[in-house]
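S.K.: Encoded as structure tokens, here's the structure I'll be asking about.
Just so it is clear, none of the values below were taken in a lab; they were calculated from the coordinates. Source: prediction; values computed, not measured. Positions of Cβ are generated from backbone atoms using ideal geometry, with glycine treated the same way; all protein chains shown enter the neighbour counts.
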Amino acid sequence: KFFWWETGYFCSMDIQHDRAGYYICWGCLCWVPSVYTSQTLYLVEHPVQLGRPLALVIFLAGTLMIYINYDSDRQRQDFRRNTKAKIWGKPPVKIDAQYTTVDGKTRHSALLASGWWGVSRHFHYVPEILAAFCWSLPALFHNFLPYFYVVFLTLLLIDRANRDDARCASKYLKYWDKYCSKVPYKIIPGIY
């Protein structure tokens, strides 16, 4: 997804708020290549024969998760370009918000509360975590090591959702409260 739709990444929390400091650079150069590929390294030493039907199911589920993750990001980008653009064939549910910048200027923004963004405030993390689970699944359940990435990613995204919610709450104030009442769950609908 990142190679195909690289421009969408410019609006991500990584780029907009975390910036390209040590955290991002070290993560991209050291952590990602070693941890994100740990399942394949495990499988080299512990090969598993899945059979074609199971391999196909895992592949299709993982591909679907990547598509849903992409589609949710695309919805948000389309909405940012045109707040009247239809979401799933319907006019978008949105909250017109205003906020004050550091230099005291009042700005306006729209918060999307429909489509994937009406399911939960960070729903796009669900397919990302499930895609990671699909990458680990070929190792089956003989060892925890291939699932370290999924556990790490889940904790990372929960932390990121909490940081983003706190940032948005301090930025949008009462408008964020209104948004949270329309979209009450952070990540997993009905649970969290």
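S.K.: Please report the net charge: other residues with Cβ closer than 9 Å to the Cβ of Pro92, K and R +1, D and E -1.
M.R.: With Lys, Arg at +1 and Asp, Glu at -1, the neighbours total +4.
S.K.: Dividing the alpha-carbon radius of gyration of the chain by 2.2 N^0.38 Å (N being the number of residues), what value is obtained?
M.R.: On the way: Rg = 18.8 Å, N = 192, 2.2 N^0.38 = 16.2 Å.
Rg over 2.2 N^0.38 Å, computed on Cα atoms: 1.16.
S.K.: Helix-only estimate, please: 222 nm mean residue ellipticity of the chain, summing -39500 (n - 2.57) across DSSP H runs of length 4 or more and dividing by its residues, to the nearest 500.
M.R.: Working: 8 runs with 97 residues, N = 192.
About -15500 deg cm²/dmol.
S.K.: A further question on this structure: Go through 31-40, 126-135 and give me the packing order, highest mean Cβ count within 10 Å leading.
M.R.: Packing order, densest peptide first, comes out as 126-135, 31-40.
S.K.: Take Leu156, project a point 7 Å from its Cα along the Cβ direction, then tell me which residues of the stretch 107-127 have their backbone nitrogen under 19 Å from it.
M.R.: 122-127
S.K.: Which of Val119, Val48, Val151 moves most in a GNM of the chain, Cα contacts under 10 Å?
M.R.: Taking springs between Cα atoms under 10 Å, the residue moving most is Val48.
S.K.: In nm, give the distance between the simple-model label positions of Thr100 and Thr37, each being 7 Å from the Cα along the Cα-to-Cβ direction.
M.R.: For Thr100 paired with Thr37, the spin-label model returns 5.0 nm.
S.K.: Something else now. Looking at Ile129, Gly104, Leu60, which one has the Cα that reaches farthest to the positive end of the dipole of the chain (charges on Cβ: Lys, Arg +1; Asp, Glu -1)?
M.R.: It is Gly104.
S.K.: Extension gain Lys178-Val93, at 0.36 nm per residue separation less the Cα-Cα distance, in nm?
M.R.: Full-extension gain reported as 29.4 nm.
S.K.: Next question. Using only Cα atoms, locate the centre of the stretch 126-188 and the centre of the stretch 19-85, then give the distance between them in Å, rounded to an integer.
M.R.: Their Cα centres are 13 Å away from one another.
S.K.: So, one more: Where the only charges are on Cβ atoms (+1 Lys, Arg; -1 Asp, Glu), what is the dipole of the chain about its Cα centre, to the nearest 20 debye?
M.R.: 900 debye
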